[in-house]
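A.B. asks: I have a structure I would like to understand better, so I am pasting it below and will then ask my questions one at a time.
The values are calculated or read from the model by the stated rules, or taken from the named source; none is laboratory data. What you see is a predicted model; the values in this text were computed from it and never measured. Note: ideal-geometry Cβ built from the backbone for every residue, glycine included; neighbour counts use all protein chains shown. The area values use the complete protein model at the heavy-atom level, side chains included, leaving out ligands, DNA and RNA. Shrake-Rupley method; radii C 1.70, N 1.55, O 1.52, S 1.80 Å.
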Amino acid sequence: MTRTELLVLDLAGTTVQDDGVVERAFALAHERTGIARGMPWSEALAHVRATMGQSKLDVFTHLGGGDVAAAHRATAAFEDAYAELVAADGAQEVPGATQFLRETAERGIRVVLTTGFAPATRDVLLDALGWRDLVDGALSPADVGRGRPAPDLVLAAALRAQVSAVSAVAVAGDTVSDVRCGLNAGAGLVVGVLTGAHDRAALQEAGAHLVLPDVTALTPHL
């Protein structure tokens with residue numbers, strides 16, 4: 001196996017505990033904007049769960065029946081709601097994540113965090129956890145073009161890290177979209193973790209090379 005030069009990790013559900021915060025923020029955004037009024041909330045929530053990890057703007061565009069302007073308003077409401085929830089309740093790492101990030105960097109492996117959140121929400125999380133100095137970068141769909149499952153987030157991270165080959169990139173996330181993003185980018189190792197939105201069966205069906213209990217179990221595979 002090619003030596004891992006870069007590890008691309010998802011945020012919420014992979015390195016950061018979710019505990020339903022993302023779903024609560026979606027619900028608040030709907031309450032404040034009515035973005036999903038064209039469908040039952042149960043149907044909207046099912047779509048939210050199925051598309052965890054994807055660009056929030058893309059998700060709201062679907063919920064709003066293709067109304068991009070309304071999707072932008074709902075995305076802004078989501079970002080505000082998520083920031084409010086983090087400010088009220090704090091952000092908690094997946095147990096052991098900070099130490100894992102530190103040890104991975106000490107091994108000479110670069111780490112880039114990726115997310116479907118907008119940069120402002122991503123940065124709220126990084127600041128709450130004190131991770132800015134622990135990683136080599138953090139990317140959102142707004143930084144690279146397309147969100148997951150397109151390969152853009154992983155490929156942009158690989159280019160910025162100047163890896164020798166895409167096969168030297170490992171990707172880990174808790175959603176089907178994370179897995180497909182890594183596979184679409186041609187990453188050498190694509191791992192699903194069981195601390196977030198999707199279960200083992202879904203991650204395996206998406207094509208994950210490995211499914212692990214949590215991100216800290218990655219160490220011997222890098």
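A.B. asks: How many Å² of accessible area per residue for the chain, probe 1.4 Å? Spell out each step's value before the answer.
C.D. replies: Values: 9320 Å² over 222 residues.
Ligands and nucleic acids excluded, the figure is 42 Å² per residue.
A.B. asks: What shape does the chain have by the C-alpha gyration tensor, where a ≥ b ≥ c are the square roots of the eigenvalues, rounded means a/c under 1.5, and otherwise prolate means a/b greater than b/c and oblate the rest?
C.D. replies: On the way: a/c = 1.79, a/b = 1.58, b/c = 1.13.
Taking the square roots of the gyration eigenvalues as a ≥ b ≥ c, the chain is prolate.
A.B. asks: Now a separate question. Charges only on Cβ, +1 for Lys and Arg, -1 for Asp and Glu: so what's the dipole of the chain about the Cα centre, in debye to the nearest 20? Walk me through the numbers on the way to the answer.
C.D. replies: Values: 17 positive and 27 negative charges, 103 e Å.
It comes to approximately 500 debye.
A.B. asks: Hey, what number do you get for the chain at 222 nm if only DSSP H runs of n ≥ 4 count, each worth -39500 (n - 2.57), divided across all residues, to the nearest 500?
C.D. replies: Details: 10 runs with 105 residues, N = 222.
The helix contribution divided over the chain gives -14000 deg cm²/dmol.
A.B. asks: For T2 and D199, calculate 0.36 nm times their separation in residues minus their Cα-Cα distance, and state this gained length in nm to one decimal. Spell out each step's value before the answer.
C.D. replies: Values: separation 197, 0.36 × 197 = 70.92 nm, distance 2.76 nm.
Answer, rounded to one decimal: 68.2 nm.
A.B. asks: On to the next question. Between R32 and A120, what length in nm is gained on full extension when 0.36 nm per residue of separation is reduced by their alpha carbon distance? Could the numbers behind the result be given before it?
C.D. replies: Values: separation 88, 0.36 × 88 = 31.68 nm, distance 1.92 nm.
Residue separation times 0.36 nm, minus the Cα-Cα distance, leaves 29.8 nm.
A.B. asks: Give the ranking of D89, D10 by solvent-accessible surface, highest area first, calculated with a 1.4 Å probe. Write out the running numbers ahead of the final one.
C.D. replies: Values: D89 90, D10 10 Å².
Largest accessible area first, the residues go D89, D10.
A.B. asks: A follow-up question, please. So what are the range 150-222's ellipsoid semi-axes, whole angstrom, largest first, if each one is the square root of 5 times an eigenvalue of the alpha-carbon gyration tensor? Numbers along the way, then the final one.
C.D. replies: Details: eigenvalues 80, 35, 17 Å².
Those come to 20, 13, 9 Å.
A.B. asks: Continuing with the same structure: What do you get for trypsin sites (Lys or Arg not before Pro) in the range 64-142 restricted to DSSP loop and a cutoff of at most 14 other Cβ within 10 Å of the site's Cβ?
C.D. replies: On the way: sites: R73, R102, R107, R110, R122, R132; in loops: R107, R132.
Passing sites in the range 64-142 are R107, R132.
A.B. asks: Grab the beta carbon distance between D133 and T219, set R0 = 25 Å, and tell me the FRET efficiency rounded to 0.05.
C.D. replies: Given R0 = 25 Å and the Cβ-Cβ separation, E is 0.75.
A.B. asks: Another question, if that's okay. Based on the Cβ-Cβ distance from L210 to S42, what FRET efficiency comes out when R0 is 35 Å, to the nearest 0.05?
C.D. replies: On the way: r = 33 Å, r/R0 = 0.95.
Efficiency for this residue pair is about 0.60.
A.B. asks: Report the Cα centroid-to-centroid distance between the range 123-169 and the range 77-110 in angstrom, as an integer.
C.D. replies: Taking the Cα centre of the range 77-110 as reference, the centre of the range 123-169 is 14 Å away.
A.B. asks: Of the beta bridges DSSP finds with both residues in the chain, what % are antiparallel, to the nearest 5?
C.D. replies: Working: 1 of 21 bridges.
Roughly 5 percent of the beta bridges in the chain run antiparallel, per DSSP.
A.B. asks: Given contacts defined as C-alpha pairs under 8 Å and at least six residues apart, what's the relative contact order of the chain, whole-number percent? Each step should come with its number before you reach the end.
C.D. replies: Details: 411 pairs, mean separation 57.1, N = 222.
For the chain, the relative contact order is 26 percent.
A.B. asks: Something else about it: Take the alpha carbon gyration tensor of the range 77-123, find the square roots of its eigenvalues, order them as a ≥ b ≥ c, and report rounded if a/c is under 1.5; if not, report prolate when a/b exceeds b/c, else oblate. Please report the intermediate quantities before stating the final value.
C.D. replies: Numbers: a/c = 4.30, a/b = 1.90, b/c = 2.27.
The shape class here is oblate.
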